[in-house]
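All remarks here apply to the structure that follows.
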Amino acid sequence: MPAINLAATLDMAIETARRAGALLRVGLSQQRQIDLKSAYELVTDMDRASEDLIVDAIHTYCPGHAILAEERGGAVGVDRPTWLIDPLDGTNNYAHGFPYFAVSLGLWEENQPLLGVVYDPVRDELFSAQAGGGAQCNGMPLHVSQVATLAGALISTGFPYDYGTRADNNLAEFNKVQARCQGVRRAGAAALDIAYIAMGRLDAHWEIGLKPWDTGAATLMVREAGGQLSDAHGEGWGLSSARMVASNGLIHDELLALLNAAQ
Ligand code: IPD
Ligand code: CA
Ligand code: CA
């Protein structure tokens with residue numbers, strides 16, 4: 001497989017995320033078709049339309065690349081780059097007209113992120129990152145916050161869709177952290193929450209059960225903006241880690257200790 005022109009591929013991903021986001025923005029004010037994907041999980045006609053648009057673009061511009069997309073599945077490529085696609089992160093929000101959702105596109109190769117794009121079409125905020133090239137929002141460089149203690153931090157989390165029927169449902173952790181920081185937000189779009197750490201709007205995010213398409217783009221932004229990522233044990237985070245903790249780095253150990261004390 002020929003070497004990837006990362007700058008040109010990032011431009012393509014940005015343009016594609018903007019087009020998919022525009023589709024979602026228009027769909028928000030129209031009648032949406034909402035179906036149940038599983039006992040607890042919604043999917044709309046716009047998740048599928050956005051994914052079709054993105055997959056068409058990747059087939060056209062990167063024909064040899066593998067695709068793992070939330071609605072159609074797929075697999076990580078063994079010997080070729082893989083696109084991790086969440087065509088609509090925050091489906092539940094979108095289905096209710098709650099304006100907090102995003103398109104997320106990550107490109108990985110050999111278990112390492114190369115590129116990431118997260119687009120919020122409501123605020124017209126385009127987050128992007130290239131490995132070794134920093135992270136930006138609408139072209140402006142991003143840096144994580146300087147908040148040095150949990151007591152001064154604004155943090156986010158999320159809950160697995162089946163939290164009503166599982167013991168490790170994150171509620172104990174939520175209670176503990178909420179009591180020790182300036183607030184825990186549960187806004188319902190993990191890719192956007194994580195991108196907000198890169199921008200310093202949030203100081204950390206933790207969650208269990210995230211999928212590669214939720215994390216494949218925004219985690220690179222955190223890393224490139226000077227933040228830290230780990231699994232539940234403080235070891236290196238990877239796409240298959242059961243729990244992800246992302247932070248500005250300064251409050252990472254304090255948050256990890258609290259989360260582990262809650263279990
Ligand atoms: C969900 C959102 C939510 C997170 C869930 C994800 P979806 O993605 O990111 O914030 O808590 O774990 O599944 O289903 O809206 O694409
Ligand atoms: Ca998602
Ligand atoms: Ca989704």
(request) Set the Förster radius R0 to 45 Å, insert the Cβ-Cβ distance between GLN178 and ASN5 as r into 1/(1 + (r/R0)^6), and round the FRET efficiency to 0.05. (result) 0.50
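Looking at the calculated P(r) for the chain, what percent of the C-alpha pair distances fall above 30 Å? Let's see the in-between values first.
Details: 8078 of 34453 pairs.
Of the Cα pairs, 23 percent sit more than 30 Å apart.
Restricting the count to DSSP beta bridges whose residues both fall in the range 1-132, what percent are antiparallel, rounded to a multiple of 5? Don't skip to the end; give the middle numbers.
Numbers: 24 of 28 bridges.
So the antiparallel bridges amount to about 85 percent of the total.
With a cap of 15 neighbouring Cβ atoms within 10 Å, and only residues DSSP puts in a loop, list the GluC sites (Glu not before Pro) found in the range 21-116. The partial results should precede the final answer.
Details: sites: GLU41, GLU51, GLU70, GLU71, GLU109, GLU110; in loops: GLU41, GLU70, GLU71, GLU110.
Taking the range 21-116 and a limit of 15 other Cβ atoms within 10 Å, the loop GluC sites (Glu not before Pro) found are GLU41, GLU110.
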(request) Given the options HIS252, HIS143, HIS96, state which has the largest fluctuation in a GNM of the chain using a 10 Å cut-off (strictly under) for Cα springs. (result) HIS96
(request) Determine ³J(HN,Hα), in whole Hz, for all residues of the range 177-183 in sequence, where each value follows from phi through the Karplus function 6.51 cos²θ - 1.76 cosθ + 1.60 and θ = phi - 60°; x replaces Gly and Pro. (result) 5, 4, 6, 10, 9, 7, x
(request) Provide the packing ranking of 175-181, 3-9, i.e. peptides ordered by the mean count of other C-beta atoms within 10 Å per residue, highest first. (result) 175-181, 3-9
(request) Apply the Karplus parameterisation 6.51 cos²θ - 1.76 cosθ + 1.60, with θ equal to phi minus 60°, to every residue of the range 190-200 and state each ³J(HN,Hα) to the nearest whole Hz, in sequence, with x for glycine and proline. (result) 4, 4, 6, 3, 5, 4, 5, 5, 4, 8, x
(request) Please give the length that would be gained between ARG186 and GLN31 if that part of the chain were fully extended, namely 0.36 nm times their separation in residues minus their C-alpha to C-alpha distance (nm, one decimal). (result) 53.2 nm
(request) Using a cut-off of 14 Å between beta-carbons, work out the net charge of the residues near THR219 (Lys and Arg +1, Asp and Glu -1, THR219 not included). (result) -4
(request) For the range 150-262, just say rounded, prolate or oblate: build the C-alpha gyration tensor, square-root its eigenvalues into a ≥ b ≥ c, call rounded for a/c under 1.5, and beyond that prolate if a/b exceeds b/c, oblate if not. (result) rounded
(message) Give me, ordered by chain and number, the residues 5 or more places off SER145 or on other chains with an amide H under 5 Å from its own placed amide H.
(response) GLY200
(request) Taking H placed 1.01 Å from N in the peptide plane, check which residues at least 5 places from ILE67 or on another chain put their amide H under 5 Å from its amide H. (result) ALA75, TRP83
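Calculate what fraction, in whole %, of the accessible area of the range 6-141 sits on carbon and sulfur atoms when a 1.4 Å probe is rolled over the protein chains. Walk me through the intermediate numbers first.
Values: 3020 of 5880 Å².
C and S atoms contribute 51 percent here.
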(message) Kirkwood hydrodynamic radius, computed over distinct alpha-carbon pairs, for the range 6-141: how many Å, to one decimal?
(response) 15.1 Å
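Counting each DSSP H run of 4 or more residues in the chain as -39500 (n - 2.57), what helix-only mean residue ellipticity at 222 nm follows after dividing by all residues, to the nearest 500 deg cm²/dmol? Walk me through the intermediate numbers first.
Working: 8 runs with 85 residues, N = 263.
Taken over the chain, the calculation gives -9500 deg cm²/dmol.
Note down the net charge around ASP124, summing +1 for each Lys or Arg and -1 for each Asp or Glu among other residues with Cβ under 12 Å from its Cβ.
Details: positive: ARG18, ARG25, ARG123; negative: ASP120, GLU125.
For residues surrounding ASP124, the net value is +1.
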(request) May I ask what percent, to the nearest 5, of DSSP beta bridges between residues of the chain are antiparallel? (result) 80 percent
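Which net charge results for the neighbourhood of GLY234, defined as the other residues with beta-carbon distances under 12 angstrom from its beta-carbon, given Lys and Arg at +1 and Asp and Glu at -1?
Working: positive: ARG243; negative: ASP231, GLU235, ASP253, GLU254.
In short, -3.
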(message) 5 Å is the cut-off here: which amide hydrogens, built 1.01 Å from N in the peptide plane, fall below it relative to LEU250, excluding neighbours closer than 5 in sequence?
(response) none
(request) Enter the accessible area per residue of the chain (Å², integer; probe 1.4 Å; all protein chains in place). (result) 43 Å²
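The values are calculated or read from the model by the stated rules, or taken from the named source; none is laboratory data. Just so it is clear, the model here is predicted, and its values are computed rather than measured. Don't worry about glycine lacking a Cβ; one is built from the backbone with ideal geometry, like all the others, and counts go over all protein chains shown. Heavy atoms of the whole protein, side chains included, go into the accessibility calculation; ligands, DNA and RNA do not. Shrake-Rupley method; radii C 1.70, N 1.55, O 1.52, S 1.80 Å.
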